[in-house]
């Protein structure tokens, strides 16, 4: 049986919630008073496979592989305590069943004959919507090991501000929060604009690595209103110098054909005289329509759980790997590795059935967490040596142990506090390059907040340091470069480390 999807406004939600206990009691009585929620009230998942393609080659005893591309449309129950951690979930619109809806793209690589699959599903989190780790044995013969071992490889979207700029980019649609009366939510938004060269305008949402993400629009393009400011400073700790409102506008512009004040735009800032790369700029404005970004983590949880455990979706469409998955591994690289740590920290490794989502997890070159569960969250950000230090992804707990104590902030409990309470912690690998220590604040995972003593690490965790390596790249002498005109240190490393990272991934426990 299928149910039509009708959006219910926030005005109707108090009445709906008031009726919930009566409806629940009636349903329980009809079902004989079961302790589990009736199937009709459980969140539903609907699977749509839009393309099936053969993967070139055959792989040992496993044989041929195929690539599935599609979408999962799911629901998040705002009344479920396991979802209570999601910022603004109670302000998201719900359908006729009282559920918050999302839609997530996915790609799966699987044996054509699932009887030959090993039982291992490996999920790799996209980085800003991009698949970084899809095996390509034709280009990298070593990638064949995943297919020869019969792995199911899964990639699905979790980041709600990624635009569908290319067909290959994986996106998830999450709701926009509204006030209880249905009106638009507005609030303060702060970001850093960090030019790497002289430029007349900079795109929103701002912050390092966020240039292509969907921004939060200002409530007004009038930057003379209270709550709007642009400042600049040469060094992070310098006093901020205000830029007069008359010298900057929400607009696109260029130095020649469309000079300041440019063309009004909610997605760009135009500065008279242009942005100077010798300065760090800070923009504050009143934004509107915050996305409920945390729904993306629930989508990740429920997507992996569906492929791991479900026989079919709500309409009876078969799970293409049903009954063949025994163990699940989760992996993320850089920003998406930070997201996997946040997924774990917020308790999402507990499935709606109560068990583990991932048995093993590998966060590669992931020193921080990601800013996904705050109002006006921007998950794509990545702080540098002197930038973005106040972003929520930077200030979240770095220590892994459930009993971690941050003497500076007063925070108690580390990344594994919630999963320890529900006995759903995975075997956890964390890999750090030299860049994480020199630039991306990697040391707090190893020392206390004052840097005076080593931290106790949980028994289920292993931390690997790729000595003398950098955040990305293949390594080797051919990777080394230096441009004297740029204010950066030489890039590259003589160390070949990508093979080592792949070996770590293959060592992840699957039970």
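Here, each number is a calculation from the coordinates, and none is a lab measurement. No experiment lies behind these values; they were computed from the predicted model shown. Please note: Cβ atoms are built from the backbone with ideal geometry, for glycine as well, and neighbour counts cover all protein chains shown.
Values as computed for the structure displayed
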read-out	value
Full-extension gain in nm, residue 255 to residue 482, via 0.36 nm per residue minus C-alpha separation	78.8 nm
Span from the the stretch 403-477 Cα centroid across to the the stretch 340-365 one, whole angstrom	16
Percentage relative contact order, the chain, counting C-alpha pairs under 8 Å, at least six apart	12
Spin-label pair residue 423/residue 235, simplified geometry with 7 Å Cα→Cβ offset, distance in nm	5.4
Length released on extending from residue 278 to residue 198, taking residue separation times 0.36 nm less the Cα-Cα span	27.9 nm
Gained length - residue 312 relative to residue 267, 0.36 nm times residue gap less alpha-carbon distance	12.1 nm
Value of [θ]222 nm, deg cm²/dmol, for the chain, DSSP H segments ≥ 4, -39500 (n - 2.57) each, nearest 500	-4000 deg cm²/dmol
Residues residue 390 and residue 179, FRET efficiency given R0 of 25 Å [Cβ-Cβ distance, rounded to 0.05]	0.40
Rel. contact order, % - alpha carbon contacts under 8 angstrom, at least six apart, the stretch 186-288	44
Between the stretch 79-135 and the stretch 147-226, the alpha-carbon center distance in angstrom	19
Calculated FRET efficiency for the pair residue 50/residue 115, C-beta based, R₀ 25 Å, to 0.05	0.50
Quotient of Cα Rg and 2.2 N^0.38 Å for the stretch 96-218, N being how many residues it contains	1.44
Cα gyration tensor shape of the stretch 186-288, rounded if a/c is under 1.5, else prolate or oblate by comparing a/b with b/c	rounded
